[in-house]
Amino acid sequence: MRQIYGTTEGRLQEIDAADAAIESALGKYGATLWADTRDINQARGTPVSTWQSRVGANCVQPTVGKQPLFYPGGFPDGGPCLDFNGVSDYLECAEDMSSTGKATVLISYHKDAAVNLFEVLVEYGTYYAGPGNGWTIMGSTIGAADRMYLGIGANPAYADSYYNGAQVGTKVLCATYDTALAIGDELALFENGAFVPPDSTGVGAGAAGNFSASALTIGARLNGGSQEREADALIREVVVMPDVVETNDLFALAQHMRVKAGLK
C-alpha cells in the first residue's frame, strides 16, 4: 500500500511520474530489485520482517532483533524509511545475478555520520573475500571520516575505488559495475546523478566474468553466513538493474529518485 505522508496532490503526481519513469527504465535495462518504503504499511517504530519489493524477490529478515524499524515519517523530508541500527539489522534478497557481469545500483538514504569502519548499504555476494565476483557500495572510514567505497570481484581479481566526502548526508547515490571493462573503468559513482571522480583506486587485477550465484543484502554483509559491516542509516528506496545504465538515463533516474526522497 502506498504511503501518503502529509503531502499535496501535486507532490503525489510528481511521485507517480517518477515511479513511471523508474518502471520504464527497468523495462529498458532489466530489473533485479526495486524496493520502496512507501509500500510498507506498519505502525511507527515496528520491526520489518519483509520489505515487499515492487520488482524482484522480497527483502526479508526472519530473525527478531535483526529487523530494521519502519518510520512512516522518519526521513528528513517527512517521508517513510527503514532505520538500520549499525549493530545487527540487515535484509536479504534472494536474487541471482550470475547471468551477468554488469549492474547499476541506485539508493536513496540518509546518514548522520560515519559510524563503523565499513558500513554496507547494498551488496551482492561478498565482495573481495567471496567465492566469486560480487559488488558492493559501502561507507568507509579508512583514510577519511566520510568516505564512500565501491568494490567489484574477488581477491585477487577485484577492483575498488574510494570517494571522500561522499557518505554522510541525505542523497541519492548511483553506482555502476562492469567486469568486462578495464580496471579503472569497472566502477563508477554518481551522486545525485553527477559523476564523482575517485580519490583513490585499488590495486587488484580487475574483476572478470559474471557475478557468482549468491544473494543481495541491504544494511550489512553476509560473509559465510555470518553478518558483518552493518550500516547505521535510514534507507528510503533501492533499485538494482543487471546492466550498465547510460549516463543520460542514469542522471534522469537519479532526479526522479531525488523527487521521491524530497531532495528536489
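Observations on the structure shown:
- Qualifying residues in the stretch 190-211 (those that are among the aliphatic types (A, V, I, L, M) and in a strand (DSSP E or B)) - the one most open to solvent (accessible area, probe 1.4 Å): ALA194
- Residue satisfying all of: in the stretch 166-189; β-branched (Val, Ile, Thr) and in a loop (DSSP other than H, G, I, E, B); surrounded by the fewest Cβ atoms within 10 Å (Cβ to Cβ) among these: VAL168
- Evaluated against (1) in contact with a helix residue (DSSP H, G or I) (Cβ under 8 Å, 6 or more places away or on another chain); (2) under 15 Å from MET241 (Cα atoms); (3) of a type in the set (A, V, I, L, M, F, W, C), ILE137 falls short on exactly one condition, (1).
- In the stretch 45-60, residue farthest from HIS110 (Cα to Cα) [restricted to those that are crowded, with 19+ Cβ neighbours inside 10 Å and under 17 Å from the mean Cα position of the chain (by Cα)]: GLY56
- Evaluating PHE251 against the criteria (1) open to solvent by 40 Å² or more (accessible area, probe 1.4 Å); (2) modelled with pLDDT of 95 or more; (3) part of a strand (DSSP E or B) leaves one unmet condition, (3).
- Here ASP77 passes the criteria (1) under 17 Å from the mean Cα position of the chain (by Cα); (2) within 22 Å of ALA254 (Cβ to Cβ); (3) open to solvent by 30 Å² or more (accessible area, probe 1.4 Å) except the one numbered (1).
- Residue satisfying all of: in the stretch 213-227; hydroxyl-bearing (Ser, Thr, Tyr) and open to solvent by 20 Å² or more (accessible area, probe 1.4 Å); farthest from GLY151 (Cα to Cα) among these: SER226
- Scope the stretch 24-44; condition polar (S, T, N, Q) and either exposed (fewer than 15 other Cβ atoms within 10 Å of the Cβ) or more than 17 Å from the chain's Cα centre (by Cα) (or both); matching residues: SER24, ASN41, GLN42
- Residue within the stretch 71-89 that is touching a Leu at 6+ places or on another chain (Cβ under 7 Å), over 13 Å from GLU237 (Cβ atoms) and touching a residue at least 12 places away in the same chain (Cβ under 8 Å) present: yes
The values are calculated or read from the model by the stated rules, or taken from the named source; none is laboratory data. From a predicted model like this one, the values you see are computed outputs, not experimental measurements. Neighbour counts run over all protein chains shown; Cβ positions are idealised from the backbone, glycine included. These area figures cover heavy atoms from the full protein model, side chains too; ligands, DNA and RNA do not enter into them. Shrake-Rupley method; radii C 1.70, N 1.55, O 1.52, S 1.80 Å.
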